[in-house]
Amino acid sequence: SSFAQTQTVIETANKNASSLSAATKPQATQAADKKAVDPSTLPTVIQAETMNGEPDRIVRMENNVIVTRGDTKLTAERASYLQIEDQLDASGNIELQRGADCYTGQLIRFALESGVGFVLKPSYFIARNNGQGKADRIDFASEERSTITNGTYSTCQGLDPDWYLKAETLNLDTGLDTGVAGKSVLYFKGVPIMATPGWMDFSFPLSGARHSGILPPTMGHSNKGGIEFGVPYYFNIAPNRDLTLRPKMIARRGLQMGIEGRYLGESYAGETAVEGISDKLTNTTRYAINSIHNQKLTPEAVFSWNLNRASDNDYPADFSNSTTKTAQRLLLREVGLDYYGSIWNASLRSTSYQVLQDPSAPITLPYERLPQLSFHAGQHDVVGLDWSVDALMTRFWHPTLIRGNRAVINPQVSFPIIQPAFFAVPKLSFHATQYELDNPAQGQASHYQRTIPSLSLDTGLIFERQASLLGEGMTQTLEPRLFYVNTPYRDQTALPLFDTALADFNFAQIFSENRFTGHDRIGDSNQVTAGLVSRFIEGDGTERFKFALGQRFYFNTQKVSLDGKSNPSRSDLLLAGNGQISNTLNVEAALQVSQSDRQSVRSSYGIHWQPAEKKVLNLQYQFQRDVLKQLELSGQWPISHRWYAVGKSNYSLLNRKLVEGLAGLEYRADCWALRFVAHRFATTTLNNNSGIAIQLELTGLARLGFGSNPIETLKKSINGYQPSTTN
Amino acid sequence: CGFALRGAVNLPFQSIYVGLPDSSALGGELKRHLRANGKTEVTSQATTAEVVLDVLGETREKTILSLNSQGRVREFNLTYNLKFRLRDKAGREVLAPTTISLKRNLSFKENEVLAKEAEETLLYRDMQSELVQQIMRRLAVVKMDTPST
């Protein structure tokens with residue numbers, strides 16, 4: 001027998017009276033209801049130009065066949081449906097839509113209810129990440145899981161993708177958001193660039209989410225190791241825990257293995273990186289370790305460590321491709337325990353350093369503190385008074401210099417008077433210090449005591465007026481400030497120098513009592529610091545611009561000194577200005593001028609211009625008399641629709657030498673990005689590192705990692721750099 | 001030239017809760033300046049305050065500013081970023097998340113590393129004081145909506 005009508009609704013075993021109306025509900029609503037509706041109750045709607053069959057047994061359809069069930073829709077030229085077996089067979093220009101995913105092919109068989117089945121010679125499209133490709137066959141294990149046999153995978157649009165993965169088997173799971181390829185070859189611009197053997201699965205995320213898998217491989221060349229090739233692998237263990245493996249083949253040195261783990265818990269956080277290599281060039285095992293950990297033991301107590309170690313002086317210079325590692329030649333080892341009370345806190349810690357020596361410019365090993373116990377207590381506003389006590393007990397250890405124990409106690413009391421237009425803070429402090437030396441030098445005692453009181457008065461006024469800056473109405477302030485200090489002289493020439501040096505001369509320093517940092521020297525002073533600050537403040541309270549100047553005037557000659565030089569009657573003059581000229585332009589300038597020769601002692605000027613996203617230019621000049629004179633230009637700039645140029649030049653005018661140079665190009669296509677970076681920087685007196693790195697990022701196949709890759713180098717080198725990442 | 005002594009600044013709210021722990025030095029200094037204003041009460045509980053200052057992020061960062069010709073650090077850049085917002089009793093933002101960033105230069109020599117550690121502390125404290133001043137400026141001009149009944 002045959003049906004006269006061209007549309008029918010096949011109801012599933014447990015009949016549902018409202019199934020017809022449910023079938024006509026808009027698709028979106030149905031998809032939203034999907035979870036609430038038992039899938040076995042969904043009606044199936046069949047449309048075709050010709051339809052025949054046996055009732056409750058089989059339906060045969062021909063010409064413009066459309067079968068719909070839930071958010072599954074099949075169109076084909078011919079189809080037949082076995083009702084009891086729930087088996088749909090279709091052929092001729094098949095198009096199967098499941099949600100937003102789509103499959104086209106020649107022949108298909110699948111169960112409407114479970115989604116299980118297969119399609120032959122299909123093309124497919126997965127909406128979630130734009131994944132698409134062709135295959136010999138796709139088997140559907142469920143609505144979410146499918147296996148692609150002899151297929152391709154790409155996130156590029158069109159018939160001729162820029163890159164694709166060709167795999168013997170490819171398992172896609174939209175529920176788990178994972179793609180896993182068996183034996184496969186990766187093609188870029190038609191050229192095979194990478195192959196994975198059958199025993200090693202290659203997995204990738206079906207969306208941009210954090211996911212275990214291979215990170216974009218980095219290829220490069222360096223003057224220290226020759227050609228390098230690294231394929232990092234990222235394990236997303238849990239949302240708050242991950243691990244990255246960094247195997248890297250270095251042509252002249254061998255295989256370097258690196259492992260990096262990060263974790264974050266409610267009461268702890270940390271990260272540890274270890275890398276090592278059996279170096280063919282030096283015939284030694286070389287390694288580096290960096291580990292940071294913080295652990296809240298109780299709400300008040302925190303345990304922490306910061307441990308860094310390298311196997312030898314040259315490790316960072318030989319293996320690092322960024323100045324952040326090579327520029328620091330002191331590797332800290334620190335273990336600490338901190339306790340925070342309500343009005344006091346205490347900490348116990350041990351610190352020491354590994355020095356990475358440069359034979360041409362040796363560094364004195366810093367003192368080790370084994371351990372240091374520090375205590376701070378203080379309260380604000382106790383009957384108008386602020387008080388604090390700092391106590392510090394330290395054992396200073398050094399293999400060759402004078403060793404000893406030092407105890408410092410420094411109580412302070414101040415009486416701040418703070419008004420909107422005026423403030424005055426008189427303050428009295430007292431330093432008591434005791435030394436016990438293990439191995440005093442000739443003529444030095446083993447025991448010293450030093451007590452020094454200090455009196456200071458900090459005062460200031462705040463004036464305001466309505467002004468305009470570059471045409472915008474603002475509040476301008478004028479804030480004169482005077483800071484007087486009187487500290488009597490004590491002869492301290494016999495005391496060791498454990499942790500003390502002359503402080504930088506800057507605005508923070510000239511308004512503090514002691515010109516030394518550390519506790520081994522307390523400078524005698526009878527001096528006043530005069531400062532003047534003017535700010536431009538927008539209507540919403542945002543500070544747009546600030547000018548400042550300051551100078552110290554001495555009423556007597558300072559006797560405590562580290563180098564035996566006496567001071568003139570006036571200090572250097574400090575001048576500074578910084579702020580936003582416009583939304584895109586920031587400027588800053590700071591200048592320290594000597595009063596004896598009217599020459600600048602230290603200066604710094606900077607301009608930061610960021611007119612648009614991924615468009616930035618920085619110009620920076622840094623000067624320290626006899627130490628540093630550098631001009632730095634860096635930036636990122638689009639040179640065409642898809643090309644970006646990045647660059648940095650840090651040139652020492654003092655030594656007529658390029659300290660750091662970097663040039664790079666980035667190309668951003670729709671489904672991939674290519675980066676090329678050449679980098680050269682000084683690592684020691686005689687040595688430079690230079691290298692190039694190439695990174696190809698294929699969208700949707702490998703997520704960008706963290707750590708040592710060209711992007712990180714660019715981020716650290718260029719202020720304001722924004723990667724043209726694809727996810 | 002038009003300058004006059006700054007007049008009394010009344011904050012546009014009667015009481016505030018500062019979402020920073022007691023052990024926070026920044027919180028201590030900020031509370032002291034809020035109290036110094038006289039009219040505004042600093043409460044010890046969020047529920048009893050007219051406005052709540054939420055600190056959404058407080059980060060300190062130390063990056064290399066300059067290297068010498070031997071490739072060694074000669075200056076660091078210290079940055080102090082604070083992101084905060086102000087909410088009223090009903091939870092509405094009266095000041096949208098605002099970031100204040102400050103920075104300082106710190107010269108560096110390897111043989112003064114322990115002294116530089118103390119200097120770093122001094123510079124962060126200096127930035128903290130400036131941060132408090134800038135927060136106060138922003139709090140002084142927030143627009144409180146007419147209270148909902």
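The values are calculated or read from the model by the stated rules, or taken from the named source; none is laboratory data. Everything quoted here is computed from the prediction, not taken from an experiment. Ideal geometry is used to build each Cβ from the backbone, glycine not excepted, and the neighbour counts take in all protein chains shown. Areas reflect the complete protein model, heavy atoms only, side chains present, ligands, DNA and RNA absent. Shrake-Rupley method; radii C 1.70, N 1.55, O 1.52, S 1.80 Å.
Could you check the range A:49-67 and list, in sequence order, the residues that are touching a strand residue (DSSP E or B) at 6+ places or on another chain (Cβ under 7 Å) and basic (Lys, Arg)?
Filtering the range A:49-67 for residues touching a strand residue (DSSP E or B) at 6+ places or on another chain (Cβ under 7 Å) gives A:49-53, A:58-63, A:65-67.
Matches in the range A:49-67: A:60 only.
Could you say whether any residue in the range B:80-87 is without any contact (Cβ under 8 Å) to a residue 12 or more places away in the chain, out of contact with any Lys or Arg (no Cβ under 6 Å at 6 or more places or on another chain) and open to solvent by 20 Å² or more (accessible area, probe 1.4 Å)? No, the conditions are met nowhere in the range B:80-87. When the range A:670-686 is filtered for residues that are buried (at least 24 other Cβ atoms within 10 Å of the Cβ) and out of contact with any strand residue (DSSP E or B) (no Cβ under 8 Å at 6 or more places or on another chain), nothing remains. Looking only at the range A:518-558, residues that are part of a loop (DSSP other than H, G, I, E, B) and either at the interface with chain B (Cβ under 8 Å from one of its Cβ atoms) or within 15 Å of residue B:126 (Cα to Cα) (or both) come to 5 in all. Only one of the numbered conditions (1) open to solvent by less than 30 Å² (accessible area, probe 1.4 Å); (2) at the interface with chain B (Cβ under 10 Å from one of its Cβ atoms); (3) of a type in the set (Phe, Trp, Tyr) is violated by residue A:319, and that is (2). If you go through the range B:52-74 and keep only what is open to solvent by less than 50 Å² (accessible area, probe 1.4 Å) and not in a loop (DSSP other than H, G, I, E, B), you end up with B:52, B:53, B:54, B:55, B:57, B:64, B:65, B:66, B:67, B:73, B:74. Do you know which residues across the range A:560-588 are of a type outside the set (S, T, N, Q) and modelled with pLDDT under 90? Answer for the range A:560-588, where residues must be of a type outside the set (S, T, N, Q) and modelled with pLDDT under 90: A:562, A:563, A:564, A:565, A:568, A:570, A:581.
Provide a single number: the residues in the range B:2-18 that are more than 8 Å from chain A (Cβ to nearest Cβ), modelled with pLDDT of 90 or more and either over 20 Å from residue B:98 (Cα atoms) or within 12 Å of the chain's Cα centre (by Cα) (or both). So the count comes out to 3.
Inspect the range B:93-112 for any residue being more than 13 Å from chain A (Cβ to nearest Cβ) and either in contact (Cβ under 8 Å) with a residue 40 or more places away in the chain or open to solvent by less than 50 Å² (accessible area, probe 1.4 Å) (or both) and give the result as yes or no.
Checked the range B:93-112: at least one residue is more than 13 Å from chain A (Cβ to nearest Cβ) and either in contact (Cβ under 8 Å) with a residue 40 or more places away in the chain or open to solvent by less than 50 Å² (accessible area, probe 1.4 Å) (or both).
Do the conditions hold for residue A:462, that is, is it out of contact with any helix residue (DSSP H, G or I) (no Cβ under 9 Å at 6 or more places or on another chain) and hydrophobic (A, V, I, L, M, F, W, C)? Judged against the criteria, residue A:462 is a match.
Among the residues making up the range A:480-517, those that are more than 11 Å from chain B (Cβ to nearest Cβ) and outside any loop (DSSP other than H, G, I, E, B) are A:481, A:482, A:483, A:484, A:485, A:486, A:487. Those strands (runs of 3 or more DSSP E) of the range A:191-284 in which 1 or more residues are under 21 Å from residue A:309 (Cβ atoms) and out of contact with any Lys or Arg (no Cβ under 6 Å at 6 or more places or on another chain) occupy A:241-245, A:248-250, A:254-264, A:268-279.
Being open to solvent by less than 40 Å² (accessible area, probe 1.4 Å), touching a residue at least 24 places away in the same chain (Cβ under 8 Å) and away from chain A (no Cβ under 12 Å) holds for only one residue in B:90, B:49, and it is B:49. Being open to solvent by 50 Å² or more (accessible area, probe 1.4 Å) and within 43 Å of the chain's Cα centre (by Cα) holds for only one residue in A:490, A:395, and it is A:395. Among the residues making up the range A:176-209, those that are open to solvent by 40 Å² or more (accessible area, probe 1.4 Å), modelled with pLDDT under 80 and over 29 Å from residue A:678 (Cα atoms) are A:176, A:197, A:198, A:199, A:200, A:201, A:209.
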